[in-house]
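The values are calculated or read from the model by the stated rules, or taken from the named source; none is laboratory data. Since the model is a prediction, treat every value here as computed from it, not as a measurement. Cβ placement follows ideal geometry from the backbone for every residue including glycine, while neighbour counts extend to all protein chains displayed.
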Amino acid sequence: MHKRRLVTPKVVGMAMLLMATTTWGIFAKDGTSSTGDATTAPAASAANPTAATDQITLLKQQMALQQKQIEQMQKALADQKQLLEQLSKPAPAVEQAAQPAQPAQPAKAAVSTQQASQQHTTSLGEVASTSPMIPQSQKKADNSISSVGSGSIWLGSGKHSGGDGDESSLLQIHIGDATITPVAFMDFTSIYRNHVTNGSIGTNFGNIPFDSTSAYTPNLGEFRLSSENSRLGIRVDADVHGAHVMGYMEADFHGYNVTNASIVTNSNTLRERLYWVDLNTGKFEVLAGQTWSLITPGRSGISGLPSDIFYSQDIDLNYQLGLTFGRIPELRFVYHPSKQVAFAVALDSPEQYGGGYGGEGSIVLPTALNTSSTYLGEIDSGSGNTLSTPTVAPDIIAKLAFDPNKHVHFELGGIERNFKVYDGATTTSYSKEGGGGFVNANLELVKGFRLITNMYYSDGGGRYIYGEAPDLIAHANGSISLVHSSSTVDGFEFTHKKTQLYGYYGGAYIAKNTALDANGTSLIGWGMESGSNATNAQNRAIQEATFGFNQTIWKNPKYGALNFMGQYSYLLRDPWYEKAGVDPNANVNMLFFNLRYSLPGSAPTMGK
């Protein structure tokens with residue numbers, strides 16, 4: 001029931017006063033009645049004209065004053081009427097109760113590290129990045145028009161009609177509270193190298209040919225066209241019971257080529273790059289699947305999204321020499337004590353690596369063990385049959401990241417590795433524990449200009465320098481010894497409007513680790529500078545200088561973007577063994593150009 005307020009005596013009195021005053025005014029104007037002076041006014045006017053004139057003037061003044069009082073009373077009555085109308089309306093609490101209940105909103109999850117990175121100003125990934133991750137929108141996609149149980153699907157060619165101002169992708173699919181966003185771009189790349197490296201769009205850094213009059217590789221160049229760096233993938237986002245769930249899948253066409261791939265038809269095969277799921281409750285986060293290893297340098301926080309990872313802006317599919325990374329199966333646990341700090345521990349799929357990847361040299365095994373098929377298979381020599389290599393435990397990686405503001409990212413961490421082999425001839429097992437550490441920084445000194453440095457040192461961690469260094473060697477008695485290796489990538493990235501320029505220096509150093517064979521004279525292991533087993537395939541140091549650009553030609557939120565990119569790199573290879581008559585420093589000049597079309601749209605920012 002509505003409560004109405006009674007009219008107060010003050011209001012009634014004002015109304016009666018108004019009626020009386022109005023009646024008096026009417027009589028006064030007609031000259032038929034007055035408060036007392038009206039009855040004597042005619043007589044006075046006949047006897048004394050001057051007095052009559054004064055009387056009329058006084059009456060006029062009184063009438064003007066009373067008219068003013070009437071207007072004031074009318075205004076007061078209007079105010080009282082308006083107040084009464086407001087009081088007669090239903091109470092707000094009753095009105096709200098009569099309305100239908102609003103649907104419950106999804107539980108709010110804390111913003112994850114990768115989402116925090118998207119709150120920065122225009123990022124490299126949004127303008128001119130070669131990263132395969134599309135940027136995120138700044139608002140959560142509205143999924144309120146359908147529930148999880150309804151199974152409703154919305155495939156948009158424009159903005160989602162579920163809410164005003166929605167900035168979801170033009171190609172998103174909404175199923176209940178989940179949002180599926182395509183991740184894709186098409187690349188057409190041209191590659192020229194002045195020496196043959198037996199590589200395609202990815203450079204074999206460790207196999208740069210030495211000068212030789214008898215070999216064709218240093219005397220001829222190679223030119224190729226390729227579309228194998230094109231990407232296909234999806235990203236799935238949902239807020240479930242107070243947690244943000246994200247799934248990410250990405251593939252390219254850099255798989256194994258069939259035998260006639262370069263003759264009649266080209267059949268680049270699809271390969272898995274990334275395939276993981278991430279659960280984030282705000283403070284705690286778990287990621288599992290094939291992902292960029294935790295050892296890979298980051299651009300922001302600790303995240304599995306490619307846009308938050310530093311792997312250079314290079315067109316080269318093997319990126320920059322000296323970069324430590326892996327795209328391997330990993331189980332990662334992350335703790336976010338604040339938006340500025342993140343700490344993670346990961347278990348990575350291990351591998352006992354002895355060199356030989358990409359055509360570079362491998363370690364020299366003892367003669368007795370080199371003929372043993374059992375021992376030979378225990379160390380991966382880059383043959384590609386990695387699943388046969390035994391492993392004793394996963395690699396353990398830890399990382400601590402600091403992001404005090406959007407201009408500074410700093411991280412440090414370490415890795416712990418375990419190796420074990422078995423000598424069937426002596427029925428003896430040998431094990432070794434190794435590890436390493438890294439320090440990385442990404443600093444924006446002025447708007448759009450960033451300095452980058454990544455440093456890594458390891459004892460048995462050469463596998464993560466993109467296979468450029470072996471992890472270990474074997475002694476004549478079957479025991480193992482770890483190889484020291486280190487690397488760095490340093491440079492800058494400058495973005496201005498639709499143009500990006502970048503330059504990097506990358507280097508890798510593999511230390512010598514040799515031993516005597518059972519005969520007591522022949523050297524084995526890595527880094528022999530003389531002797532019958534010496535070979536210039538075993539590298540001492542490799543360096544690369546790179547400069548490039550990325551120009552956004554055209555970009556439209558409905559139709560996507562078109563980018564033109566270029567990269568020049570100079571590679572220098574220095575082996576431990578200098579072969580007579582051969583220039584010890586092998587080098588190659590490389591030139592890349594790339595035309596990219598990217599799908600339109602962006603992924604949603606959930607949990608906001």
- Task: Having 1 or more residues that are in contact with a Gly (Cβ under 7 Å, 6 or more places away or on another chain) and of a type in the set (Phe, Trp, Tyr) is the bar; report the strands (runs of 3 or more DSSP E) wholly within segment 254-367 that clear it.
- Result: 271-280, 284-292
- Failed condition for Tyr504, given (1) over 30 Å from Thr389 (Cβ atoms); (2) surrounded by fewer than 24 Cβ atoms within 10 Å (Cβ to Cβ): (2)
- Task: Residues being more than 16 Å from the chain's Cα centre (by Cα) and within 17 Å of Gly233 (Cβ to Cβ): count how many of those fall in segment 285-305.
- Result: 2
- Query: Leu155 passes all but one of (1) modelled with pLDDT under 85; (2) under 25 Å from Leu270 (Cβ atoms); (3) out of contact with any strand residue (DSSP E or B) (no Cβ under 9 Å at 6 or more places or on another chain); which number fails?
  - Reply: (3)
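Let's see how each residue does on (1) at pLDDT 95 or above; (2) surrounded by 15 or more Cβ atoms within 10 Å (Cβ to Cβ):
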position: Pro394; (1), (2): yes, yes
position: Ile397; (1), (2): yes, yes
position: His409; (1), (2): yes, yes
position: Glu416; (1), (2): yes, yes
position: Val421; (1), (2): no, yes
position: Gly424; (1), (2): no, no
position: Ser429; (1), (2): no, no
position: Gly436; (1), (2): yes, yes
- Query: Hey, Ser312 hits all of (1) closer than 22 Å to Glu544 by Cα; (2) over 17 Å from the mean Cα position of the chain (by Cα); (3) not β-branched (Val, Ile, Thr) but one; which does it fall short on?
  - Reply: (2)
- Task: Report, by residue number, each residue of segment 331-355 that is in contact with an Asp or Glu (Cβ under 9 Å, 6 or more places away or on another chain) and over 30 Å from Asn513 (Cα atoms).
- Result: Leu331, Arg332, Phe333, Val334, Tyr335, His336, Lys339, Gln340, Val341, Ala342, Ala344
- Picked from segment 588-608 (must be modelled with pLDDT of 85 or more and surrounded by fewer than 18 Cβ atoms within 10 Å (Cβ to Cβ)), the residue farthest from Ala545 (Cα to Cα) is Tyr597
- If you go through Tyr577, Tyr568, Tyr597, the only one that is among the hydroxyl-bearing types (Ser, Thr, Tyr), touching a residue at least 40 places away in the same chain (Cβ under 8 Å) and not in a loop (DSSP other than H, G, I, E, B) is Tyr597
- Residues of segment 205-247 being without any contact (Cβ under 8 Å) to a residue 60 or more places away in the chain and hydroxyl-bearing (Ser, Thr, Tyr), in sequence order, are Thr213, Ser214, Tyr216, Thr217, Ser226, Ser227, Ser230
- If you scan segment 500-542, which residues turn out to be assigned to a loop (DSSP other than H, G, I, E, B), more than 45 Å from the chain's Cα centre (by Cα) and touching a residue at least 40 places away in the same chain (Cβ under 8 Å)? Asp517, Ala518, Asn519, Ser522, Glu529, Ser530, Asn533, Ala534
- Message: Against the condition small (Gly, Ala, Ser), closer than 30 Å to Asn370 by Cα and either modelled with pLDDT of 95 or more or not in a loop (DSSP other than H, G, I, E, B) (or both), how does Ala545 come out, does it pass?
- Response: no
- Of all residues in segment 432-458, count the ones that are in contact (Cβ under 8 Å) with a residue 40 or more places away in the chain, in a strand (DSSP E or B) and not β-branched (Val, Ile, Thr). 11
- Would you mind telling me which numbered condition in (1) closer than 29 Å to Pro470 by Cα; (2) under 36 Å from the mean Cα position of the chain (by Cα); (3) surrounded by fewer than 21 Cβ atoms within 10 Å (Cβ to Cβ); (4) of a type outside the set (D, E, K, R) Gln551 fails? (1)
- Task: Name every residue in segment 319-374 that is crowded, with 20+ Cβ neighbours inside 10 Å and among the polar types (S, T, N, Q), in order of residue number.
- Result: Gln320, Thr324, Gln352, Ser362
- Could you say whether any residue in segment 250-270 is more than 25 Å from Arg596 (Cβ to Cβ), touching a residue at least 24 places away in the same chain (Cβ under 8 Å) and of a type in the set (A, V, I, L, M)? no
